[in-house]
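Structure first, then comments.
The values are calculated or read from the model by the stated rules, or taken from the named source; none is laboratory data. Everything numeric here is computed off the predicted structure, so don't read it as measured data. No Cβ is skipped: glycine too gets one built from the backbone with ideal geometry, and neighbour counts run over all protein chains shown.
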Amino acid sequence: MQTLDWNSYLKPPDISPAEHKAVSGGAFALHRDIIGKLCRILRPRSVVCMGAGYLNDIPLDTFVAGDADIYLVEWIDGITEQAFRHDLVKNLENRFVCLVCQCTGDPKKYCRNYGDEPPSPLRTAKPQDHCENFVPTNGSALCGNYAPGEFPRFLHADVTGGVAGHFARQVGAILGRAQKPQHAFREAVHVSARARANAPLPLADGSIDFITSSMVASQFDFEPYTYFLHNLYLRFGREATERNIDAINAVAGALRDNLFLKQVEAHCREMARLLKPDGRVYFSIEALHRSPPSDHWFYAEIAGKALEIVARHFLFDLDTLPEIIAPARTDMVRGTSIVHSYLLVPKAPPEKTSAQPVLS
Ligand SMILES: C[S@@+](CC[C@H](N)C(=O)[O-])C[C@H]1O[C@@H](n2cnc3c(N)ncnc32)[C@H](O)[C@@H]1O
């Protein structure tokens, strides 16, 4: 039986960062703006961006200006590195502006080839566009002399602590055993209920000041469910699957729910584990959606379900940037969304007490 393995499924699309940004950059401008404002207020020294992708929502210039330790987490191999090289130097009408030069600390933290002339006090007094080692290129990365520094660190990892991959890696076996599509669905429901978070990010507990999770949770509704469907069609064909659609519909909702809820739970646990006690999480999720030709808005039920889980792990900060809670209308690649954004504060761990439990 031919199935597509999980790693091959998560392969980078065949387009350049510039092309991707041209199509989807606008949809994330709102988040980039809010995260930039939060960063200027909170001045985090360590930042983790969950689902960093093409960095459309990541204000790298602000993070670098604040001399932050930056960790960019993405499960599609290589796309965030490519996007970073693309974003490193901007061509503003033939003025080449390198973001490393905006660093207020040691720029070599971000580029080992940073040329240290003129010396730092002068650099602070008059920020340069680029350093003396800048070598223009014609490629999409505009400096030919960039050499990765200690940061940003690119973590090729699953932001659900491995829940998605734990399920996905069992899909081939589930389909191999199933005689009919509905049997595969039924077994997948059981397997998804036991999906485990077995791959935490390689970062210490309580070490991070600021985490971004913008629109990533919305994607937990699609993957790895779509990966399962993709392989189901490879195994049984679309026709056979559609012939059994009533039996499938009876269990498909349970599979999708299990996968979504398990991933949100593991994602929140992982963020709560990483965050310092006074740290903050920027969290956003699609709450309503409208796609042409319909004139009507649909409630994204997952938003309510996700928020219940978020609220079990975090409290809400509505004061640092009050505008954050205003629902924002955003044009996406397909259709329009109303996005809800929150600033989250970790809940204090339950105090250990020797008191006897109260019995009612
Ligand atoms: C909605 S996009 C967020 C925008 C993204 N920062 C950008 O600028 O392209 C979600 C990103 O998260 C990644 N992603 C989704 N689920 C993930 C997971 N479980 N682990 C790691 N990355 C994930 C996707 O591959 C995608 O790049």
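List the residue pairs whose Cβ atoms are under 7 Å apart, where the first residue sits in the range 68-89 and is over 24 Å from residue 9 (Cα atoms) and at pLDDT 95 or above, the second is more than 11 Å from the ligand (Cβ to nearest atom) and of a type in the set (Phe, Trp, Tyr), and the two are 6 or more positions apart or on different chains.
69/151; 70/63; 70/151
Of all residues in the range 55-87, how many are within 22 Å of residue 270 (Cα to Cα), outside any helix (DSSP H, G or I) and either in contact with a helix residue (DSSP H, G or I) (Cβ under 9 Å, 6 or more places away or on another chain) or not aliphatic (A, V, I, L, M) (or both)?
Going through the range 55-87 one residue at a time, the tally reaches 12.
How about the range 204-216: which of its residues are buried (at least 19 other Cβ atoms within 10 Å of the Cβ), farther than 13 Å from residue 269 by Cβ and not aromatic (Phe, Trp, Tyr)?
Within the range 204-216, 208, 209, 212, 214, 215, 216 meet the criteria.
Report, by residue number, each residue of the range 201-224 that is of a type in the set (S, T, N, Q) and away from the ligand (no atom under 14 Å from the Cβ).
Within the range 201-224, 207 is the sole residue that qualifies.
Considering the range 62-78 alone, what residues qualify as being over 20 Å from residue 205 (Cα atoms), hydrophobic (A, V, I, L, M, F, W, C) and more than 7 Å from the ligand (Cβ to nearest atom)?
If the condition is that a residue be over 20 Å from residue 205 (Cα atoms), hydrophobic (A, V, I, L, M, F, W, C) and more than 7 Å from the ligand (Cβ to nearest atom), then 63, 64, 65 are the ones that fit.
Which of the strands (runs of 3 or more DSSP E) found entirely inside the range 244-360 contain at least 2 residues meeting this: at pLDDT below 95?
275-290, 328-331, 336-346
Let's see how each residue does on (1) out of contact with any helix residue (DSSP H, G or I) (no Cβ under 7 Å at 6 or more places or on another chain); (2) hydrophobic (A, V, I, L, M, F, W, C); (3) not in a helix (DSSP H, G or I):
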{"site": "166", "(1), (2), (3)": "yes, no, no"}
{"site": "197", "(1), (2), (3)": "no, yes, yes"}
{"site": "201", "(1), (2), (3)": "no, yes, yes"}
{"site": "212", "(1), (2), (3)": "no, no, yes"}
{"site": "236", "(1), (2), (3)": "no, yes, no"}
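So, of the residues in the range 26-54 that are farther than 22 Å from residue 264 by Cβ and either near the ligand (Cβ under 8 Å from one of its atoms) or of a type in the set (D, E, K, R) (or both), which turns out to be surrounded by the most Cβ atoms within 10 Å (Cβ to Cβ)?
By that ranking, first place goes to 54.
Looking at 66, 105, 51, which is the one that is on the phi > 0 side of the Ramachandran plot and not polar (S, T, N, Q)? Lay out the reasoning, then the answer.
Details: 66 fails: on the phi > 0 side of the Ramachandran plot; 105 fails: on the phi > 0 side of the Ramachandran plot.
Every option except 51 fails the conditions.
Looking only at the range 228-253, count how many residues are exposed (fewer than 12 other Cβ atoms within 10 Å of the Cβ) and of a type in the set (A, V, I, L, M, F, W, C).
The number of residues fulfilling the criteria is 0.
Does residue 156 count as within 16 Å of the ligand (Cβ to nearest atom), under 29 Å from the mean Cα position of the chain (by Cα) and either without any contact (Cβ under 8 Å) to a residue 40 or more places away in the chain or surrounded by fewer than 22 Cβ atoms within 10 Å (Cβ to Cβ) (or both)?
Answer is yes for this residue.
Check the range 169-188 and report whether any residue there is out of contact with any His (no Cβ under 8 Å at 6 or more places or on another chain), closer than 30 Å to residue 46 by Cβ and assigned to a loop (DSSP other than H, G, I, E, B).
no
Return a yes/no flag: does the range 280-293 have any residue that is of a type in the set (Ser, Thr, Tyr) and in contact with a Phe, Trp or Tyr (Cβ under 6 Å, 6 or more places away or on another chain).
No, the range 280-293 contains no residue that is of a type in the set (Ser, Thr, Tyr) and in contact with a Phe, Trp or Tyr (Cβ under 6 Å, 6 or more places away or on another chain).
Return yes when residue 59 is at pLDDT below 90, within 12 Å of the ligand (Cβ to nearest atom), under 23 Å from residue 150 (Cβ atoms) and not aliphatic (A, V, I, L, M) and no when it is not.
Working: at pLDDT below 90: no; within 12 Å of the ligand (Cβ to nearest atom): yes; under 23 Å from residue 150 (Cβ atoms): yes; not aliphatic (A, V, I, L, M): yes.
Answer is no for this residue.
Out of curiosity, is residue 18 of a type in the set (A, V, I, L, M, F, W, C) and within 11 Å of the ligand (Cβ to nearest atom)?
No, not satisfied.
Among the residues of the range 294-315, is there at least one that is of a type outside the set (D, E, K, R) and under 20 Å from residue 23 (Cα atoms)?
no
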